[in-house]
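S.K.: I'd like to ask you about the structure that follows.
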Amino acid sequence: MKKLFIPGILLSLAFFTECKKPAGKDTASCAIEFRPVYNKAALKFNHSYPYGNNRSIQFSLLKFYVGNMFFEQGDGSRQSFTDQYLVLEEGRYKGSIGELKPGTYVKAGISYGVNENLNTQSGADARPATDYPAENALNPSADMYWGWAQGYIFMKLEGRIDMDGNGSFADAGDLLVSYHPGNDALYRSFEYNLNFTPEAGKEYTVIADLDLNTLIANCDFVAVQFAHPTNTSGNQFIAAKNLVDQWGNAVSLSLQ
Amino acid sequence: MGQCRIAQSAIAGCLLLLCLYCSCSRRAQTAAAPQALSAWPPVPEPYYNTYSADRFRLGEMLFFDKRLSSGTAVSCASCHKPELAFADKVAVSAGAAGSSFGFRNSPTLLNIGYAPYLMAEGGVPSLEHFSVAPLQDHAEMNQNLKTSLARIAQDTAYLRLFRTAYDTLPSIKYMARALAVYQRYLLSSGSRYDAFLQGRTNALSEKEKRGMTLFYSAATGCGECHSGFLFSDFGFYDIGLETKDNDPGKWRLSGKEEDRNRFKTPMLRNVARTAPYMHDGRFATLEQVMQHYNSGGHNTPNRDPRIKPLQLDASGMEDLIAFMQSLNDTLPYKKSISLNTEK
């Protein structure tokens, strides 16, 4: 009897393992990759670019949330990835969206920031940010959270301006630029054309070309160097609004 | 037979471990929450993070642990010093980077568990929402939470306490919760003023009693905002402080002009130990605070109409200060654990 026991267990294990094995995948894996471009070339951080009037600008940080993405078919039906967020930054501008049903998609939607339901503690679905697992984009360890205001920083764009064009960015009179939009009024959602026919079992990457010139087209970093608005008053809010309003124009989607 | 004995031993071992585990879990759940004075209400706590002695001990260990800051330079206790009623003696405290400073005075944490919201503009609803924020703030402890977690995750003392307190491995979520429990139960109620309220009429000197009368009088109105057993109504007021450093107070959150320069009423227990004063530490002494109120402050746009010249003479101000000093807790703070993590 004992001699039969162990082989019996092994056979049972083999049986159950076989049962769990998935049949062919019926969805496509989908990722998104942002490719920031400045002056028609891939953005280089801490690289000097002309910034008018004999000035130069360097960007040191471009980090942002994208989330609540959806894909829409010609008949208007959508597959949404609600409340799923990615935090993207230099070296990590690519992230997984999820599994997409096969179909013929004509449009994609991307939101920039964190939806008001989750953004502040008055949000209907909000919970302490530390409750999210450490690897979740919404955990404060992503360094995109204002603890004192209980809200997410939707985007960080930081850099320096060399005001006299002498090549140094640390002279007296040179400027530090720091834009951190992050309150409900600065959450933005845009729709983009994207013809996309994913097939089951395959992997796809949506390429989001991000034209930084367009994104900052309405910003005057010399006039407003610091914009960390946690309310909707004052010039910091207006400056940050001028930035996030451009997400729609600055991004175009294609498929790799 | 040998295999049977091994199996029996294994089962017995598992049962023993299960019993130990259950007893640990029970111990974490059954300890009674501390109470300051019977006259005080219980400290409000969220259902998902109730008190246990192990949770308090874990929070205490984290609170004093410098490994949670970059360069192991500071701990929470560096700016919230137990001997200073969990406040600091400088206007604004230096962060882990040394040259980096916050922009507000470090407030006392004693009795913070009763506060309905935190921060001078009141933007934080509970300790659970905020307790780890200073760890990552660049002007404070300046270390990513993941790094802090990695630094403590191998420490057997932490592994044991996380297990008994929350039945889990170390995580950011439970770091935040343990720190919240610890701070929530930093209670202070052993002042001579409390003894006086309990019937020991000689607990306060005549000078202090005169100060108390003035404090609650219509002439000064101190007790209107500094009300209740914590000496705060947790309201937001512009008390006529000349604006410095562009700190707009509650405006930061609301954006409403009527909130500009309004800050939360601070609690006054142990106030004689928490110099300097005001949200930015601009006043070094209680005397300077009294002079400010006695003068009626500056003509700021949202100044509360009750802030007006008090016309107190020197002895009146001394009496008020004497009363403030009677609010000092007389019980020395004792750490509940041997803090081998202070490294």
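The values are calculated or read from the model by the stated rules, or taken from the named source; none is laboratory data. Small disclaimer: the values here were computed from a predicted structure and weren't measured. Cβ coordinates were reconstructed from backbone atoms using ideal geometry, including for glycine residues, and neighbour counts include every protein chain displayed. For the accessible areas, the whole protein counts, side chains as well, though only heavy atoms, and no ligand, DNA or RNA atoms are used. Shrake-Rupley method; radii C 1.70, N 1.55, O 1.52, S 1.80 Å.
S.K.: Go through the residues of the range A:175-184 one by one and say whether even a single one is open to solvent by less than 10 Å² (accessible area, probe 1.4 Å) and part of a loop (DSSP other than H, G, I, E, B).
M.R.: Yes, the range A:175-184 has at least one match.
S.K.: Does residue B:295 count as farther than 21 Å from residue B:238 by Cβ, at pLDDT 95 or above and over 20 Å from the mean Cα position of the chain (by Cα)? First the steps, then the outcome.
M.R.: Working: farther than 21 Å from residue B:238 by Cβ: no; at pLDDT 95 or above: yes; over 20 Å from the mean Cα position of the chain (by Cα): yes.
Judged against the criteria, residue B:295 is not a match.
S.K.: So which residues in the range B:229-254 are more than 14 Å from chain A (Cβ to nearest Cβ) and of a type in the set (S, T, N, Q), if there are any at all? Quick ask: steps written out before the conclusion?
M.R.: Taking the range B:229-254 and keeping what is more than 14 Å from chain A (Cβ to nearest Cβ), we get B:229-244.
Passing the criteria: B:232, B:243.
S.K.: Please specify each residue of the range B:140-170 satisfying the condition of being among the small types (Gly, Ala, Ser) and either surrounded by fewer than 18 Cβ atoms within 10 Å (Cβ to Cβ) or closer than 17 Å to residue B:66 by Cβ (or both). Reasoning before the result, please.
M.R.: The initial filter retains those residues of the range B:140-170 that are among the small types (Gly, Ala, Ser), namely B:148, B:150, B:153, B:157, B:165.
Within the range B:140-170, B:148, B:150, B:153, B:157 meet the criteria.
S.K.: Being within 25 Å of residue A:127 (Cα to Cα) and out of contact with any Pro (no Cβ under 7 Å at 6 or more places or on another chain) is true for just one of B:106, B:126, B:93, B:131. Which residue is that? So that I can check it myself, show each step before the final result.
M.R.: Working: B:106 fails: within 25 Å of residue A:127 (Cα to Cα); B:126 fails: out of contact with any Pro (no Cβ under 7 Å at 6 or more places or on another chain); B:93 fails: within 25 Å of residue A:127 (Cα to Cα).
The unique qualifying residue is B:131.
S.K.: Condition check: within 23 Å of residue A:42 (Cα to Cα), away from chain B (no Cβ under 14 Å) and touching a residue at least 24 places away in the same chain (Cβ under 8 Å). Does residue A:177 satisfy that?
M.R.: Taking the combined requirement at face value, the residue satisfies it.
S.K.: Sticking with this structure for a sec: Among the residues of the range B:105-133, which ones are among the charged types (D, E, K, R) and either more than 14 Å from every other protein chain (Cβ to nearest Cβ) or not in a loop (DSSP other than H, G, I, E, B) (or both)? Can you show your working first?
M.R.: So in the range B:105-133, the residues among the charged types (D, E, K, R) come out as B:121, B:128.
The one that is among the charged types (D, E, K, R) and either more than 14 Å from every other protein chain (Cβ to nearest Cβ) or not in a loop (DSSP other than H, G, I, E, B) (or both): B:128.
S.K.: Give the range B:197-216 a look and list any residue that's of a type outside the set (A, V, I, L, M), open to solvent by 10 Å² or more (accessible area, probe 1.4 Å) and within 27 Å of residue B:116 (Cβ to Cβ), or say none. Let's see the steps before the verdict.
M.R.: Going through the range B:197-216, the residues of a type outside the set (A, V, I, L, M) turn out to be B:198-202, B:205-211, B:213, B:215-216.
Adding the requirement that they be open to solvent by 10 Å² or more (accessible area, probe 1.4 Å) leaves B:198-202, B:205-210, B:213, B:216.
Correct list: B:198, B:216.
S.K.: Have a look at B:143, B:136 and point out the one that is at pLDDT below 95 and in contact with a Lys or Arg (Cβ under 9 Å, 6 or more places away or on another chain).
M.R.: B:143
S.K.: For the range A:103-153, which residues satisfy the criterion of being more than 14 Å from chain B (Cβ to nearest Cβ), over 26 Å from residue B:252 (Cα atoms) and in a loop (DSSP other than H, G, I, E, B)?
M.R.: The answer is A:103, A:104.
S.K.: For the range B:130-145, check the following and say yes or no: at least one residue is of a type in the set (Ser, Thr, Tyr) and touching a residue at least 40 places away in the same chain (Cβ under 8 Å).
M.R.: Among the residues of the range B:130-145, at least one is of a type in the set (Ser, Thr, Tyr) and touching a residue at least 40 places away in the same chain (Cβ under 8 Å), which makes the answer yes.
S.K.: Then there is this: If you scan the range A:154-171, which residues turn out to be surrounded by fewer than 21 Cβ atoms within 10 Å (Cβ to Cβ), more than 14 Å from chain B (Cβ to nearest Cβ) and either of a type in the set (Phe, Trp, Tyr) or closer than 23 Å to residue B:134 by Cβ (or both)?
M.R.: Answer for the range A:154-171, where residues must be surrounded by fewer than 21 Cβ atoms within 10 Å (Cβ to Cβ), more than 14 Å from chain B (Cβ to nearest Cβ) and either of a type in the set (Phe, Trp, Tyr) or closer than 23 Å to residue B:134 by Cβ (or both): just A:169.
S.K.: Kindly establish whether residue A:206 is under 22 Å from residue A:64 (Cβ atoms), more than 14 Å from chain B (Cβ to nearest Cβ) and either touching a Lys or Arg at 6+ places or on another chain (Cβ under 8 Å) or touching a residue at least 60 places away in the same chain (Cβ under 8 Å) (or both).
M.R.: Yes.
S.K.: Here's another thing I want to ask about it. Looking at (1) buried (at least 21 other Cβ atoms within 10 Å of the Cβ); (2) within 22 Å of residue A:57 (Cα to Cα); (3) among the small types (Gly, Ala, Ser), which one does residue A:223 not meet, given that it meets all the others?
M.R.: With respect to (1) buried (at least 21 other Cβ atoms within 10 Å of the Cβ); (2) within 22 Å of residue A:57 (Cα to Cα); (3) among the small types (Gly, Ala, Ser), residue A:223 is out only on (1).
S.K.: Would the range A:238-253 turn up any residue that is within 14 Å of chain B (Cβ to nearest Cβ), touching a strand residue (DSSP E or B) at 6+ places or on another chain (Cβ under 9 Å), open to solvent by 60 Å² or more (accessible area, probe 1.4 Å) and assigned to a strand (DSSP E or B)?
M.R.: no
S.K.: Evaluate the following for residue A:201: is it part of a loop (DSSP other than H, G, I, E, B), modelled with pLDDT under 95 and at positive phi? Quick ask: steps written out before the conclusion?
M.R.: Details: part of a loop (DSSP other than H, G, I, E, B): yes; modelled with pLDDT under 95: no; at positive phi: yes.
No; evaluated as a whole, the condition is false for this residue.
S.K.: Then there's this: Could you list, in sequence order, all residues of the range B:144-172 that are more than 10 Å from chain A (Cβ to nearest Cβ) and either within 15 Å of residue A:144 (Cα to Cα) or in a loop (DSSP other than H, G, I, E, B) (or both)?
M.R.: B:154, B:155, B:167, B:168, B:169, B:170
S.K.: Among the residues of the range B:173-196, are any touching a Lys or Arg at 6+ places or on another chain (Cβ under 6 Å), within 14 Å of another protein chain (Cβ to nearest Cβ) and part of a helix (DSSP H, G or I)? Explain how you work it out, then say what you get.
M.R.: Taking the range B:173-196 and keeping what is touching a Lys or Arg at 6+ places or on another chain (Cβ under 6 Å), we get B:178, B:181, B:188.
This time we only want the ones that are within 14 Å of another protein chain (Cβ to nearest Cβ), so: B:178, B:181.
Imposing the further condition that a residue be part of a helix (DSSP H, G or I) reduces the set to B:178, B:181.
Yes, the range B:173-196 contains a residue that is touching a Lys or Arg at 6+ places or on another chain (Cβ under 6 Å), within 14 Å of another protein chain (Cβ to nearest Cβ) and part of a helix (DSSP H, G or I).
S.K.: Taking residue A:195 and the conditions (1) within 12 Å of another protein chain (Cβ to nearest Cβ); (2) surrounded by fewer than 20 Cβ atoms within 10 Å (Cβ to Cβ); (3) of a type in the set (S, T, N, Q), which numbered condition does it fall short on, given that it satisfies the others?
M.R.: It fails just one condition, (1).
S.K.: Here are the criteria: (1) open to solvent by 10 Å² or more (accessible area, probe 1.4 Å); (2) within 30 Å of residue B:37 (Cα to Cα); (3) not in a strand (DSSP E or B). Tell me which single one residue B:294 does not satisfy.
M.R.: It fails just one condition, (2).
S.K.: Taking the criterion of being of a type in the set (A, V, I, L, M) and in contact (Cβ under 8 Å) with a residue 40 or more places away in the chain, would at least one residue in the range B:280-291 satisfy it?
M.R.: No, the range B:280-291 has no match at all.
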